[in-house]
Amino acid sequence: MPKDFIDMDDHELMVRISWYYYKEGLTQSQIAKKFNTNRMKVMKILEKALNKNVVEIKIKDPYVNLLSIEKELISKYGLEDAVVVPVHSNDKKDISRQLGLAASQYIQRIAKNGDVLGIGWGQAVSNTIRNLSLDHIDNFYIVSLSGGMLPLISDASFFSKYSSYFKILPAPLLVSNEKVAEDIYNEPEVRSIKNLWDLANHLIVGIGSMSSDATILKRGYLKDLHFASLKQKGAVGDILGQYFDEDGNIIDFETNERIISFDITKLKEKQNVIAVAGGENKTSAIRASIRAGYVKTLIVDENTAKALLSE
């Protein structure tokens, strides 16, 4: 039987109670009974033991490291928030699926009644939509931030379930010439969607790389010749089909005049732009987009996050 409170100094008391609680696994009520006191006093002593560094708690789990990486990303790049996804394989499709799942969970956590959610172009965003559920909110809108979205989301059960909430821009991502783009922007339905762009308080975008497996290439919107020319001009990646250099400056290119998309320079004015992007081939593009102020929250895989922190 341990000594009573009155027979021990504060330090000895903290050590003994901490030992019983953390090493022996006794409950606070059991400890209180041993020391002939109450649970509230035991709880306060345990709290004091932590504050005085008598007890040091270490969490041994791989996810703790991810939390540390998230904190470093936020600090280094001035982000509002970051989510780092553990890597289970190097398969790009698997990474994209994992990112989409994490992004959908993040959006479900922050979404509120009356929100206007803008969704961008790309495979990672498509995977986000596939996993998203917004049953807990109502009176919301989901608006596409570019043309060419329907093929990327129409096979998702989310789209059929919430189709009445969707406002899809009725156009491809790129059209044949500037005049066609101008005519599309003048359509009443498109003007209505552009008005919703101004109201969107959460924008979900993907970040494209300059690799041969870029979604914009696979979907046939850009030819290899265009891609090579963009690389020569210093492009490191794109958001919504708009290419930028390592400083985030928009590349002057002929497709800019015929793209049907939200102007990414206006992303800087938005409160919460969530980028869902991964794969180490996107490191330069992600870094540039953050530094340019296009991105406020980053959802990224572990390896890419480490690459972003290594420079």
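The values are calculated or read from the model by the stated rules, or taken from the named source; none is laboratory data. These numbers were taken from a predicted model, which means no experiment stands behind them. No Cβ is skipped: glycine too gets one built from the backbone with ideal geometry, and neighbour counts run over all protein chains shown.
Here is how the numbers come out for the structure above:
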quantity	calculated
Out of ILE153, ILE168, ILE137, sole residue that is at pLDDT below 95, surrounded by fewer than 17 Cβ atoms within 10 Å (Cβ to Cβ) and at negative phi	ILE137
Any pair with Cβ under 8 angstrom, 6 or more apart, that starts in region 129-152 at a residue that is acidic (Asp, Glu) and ends at one that is surrounded by fewer than 18 Cβ atoms within 10 Å (Cβ to Cβ)	ASP138/ASN113
Residue within region 218-236 that is surrounded by 21 or more Cβ atoms within 10 Å (Cβ to Cβ), among the aromatic types (Phe, Trp, Tyr) and within 27 Å of VAL116 (Cβ to Cβ) present	no
Residue identified as out of contact with any strand residue (DSSP E or B) (no Cβ under 7 Å at 6 or more places or on another chain) and surrounded by 16 or more Cβ atoms within 10 Å (Cβ to Cβ) among ASN195, ASN177, ASN131	ASN131
Top-ranked residue in region 169-225 [being assigned to a loop (DSSP other than H, G, I, E, B) and β-branched (Val, Ile, Thr); ranked as farthest from THR283 (Cα to Cα)]	VAL175
Candidates ASP224, ASP238, filtered to the one that is of a type in the set (D, E, K, R) and under 17 Å from LEU267 (Cβ atoms)	ASP238
Of all residues making up region 276-300, the number that are at positive phi and modelled with pLDDT under 95	1
LYS58 vs. criteria closer than 30 Å to TYR106 by Cβ, assigned to a loop (DSSP other than H, G, I, E, B) and modelled with pLDDT under 90	yes
Near pairs, Cβ below 6 angstrom, 6+ apart or cross-chain, from region 255-284 (closer than 21 Å to SER89 by Cα) to any residue that is of a type in the set (D, E, K, R) and buried (at least 23 other Cβ atoms within 10 Å of the Cβ)	GLY278/ASP301
Filter result for the condition that a residue is touching a Lys or Arg at 6+ places or on another chain (Cβ under 7 Å) and closer than 27 Å to LYS266 by Cα, over VAL143, VAL125	VAL143
Residues of region 176-196 classified as over 32 Å from the mean Cα position of the chain (by Cα), over 17 Å from PHE166 (Cα atoms) and of a type outside the set (Asp, Glu), total	5
Only listed residue being closer than 29 Å to ASN65 by Cα and either of a type in the set (Ser, Thr, Tyr) or within 24 Å of the chain's Cα centre (by Cα) (or both), chosen from GLN242, GLN271	GLN271
In region 77-119, the residues that are under 13 Å from the mean Cα position of the chain (by Cα), assigned to a strand (DSSP E or B) and among the aliphatic types (A, V, I, L, M)	ALA82, VAL83, VAL84, VAL85, ILE119
Inter-residue pairs, beta-carbon under 9 Å, first under 12 Å from THR297 (Cβ atoms) and in region 69-81, second assigned to a helix (DSSP H, G or I) and of a type in the set (Gly, Ala, Ser), 6+ apart	GLU70/ALA305; LEU73/ALA305
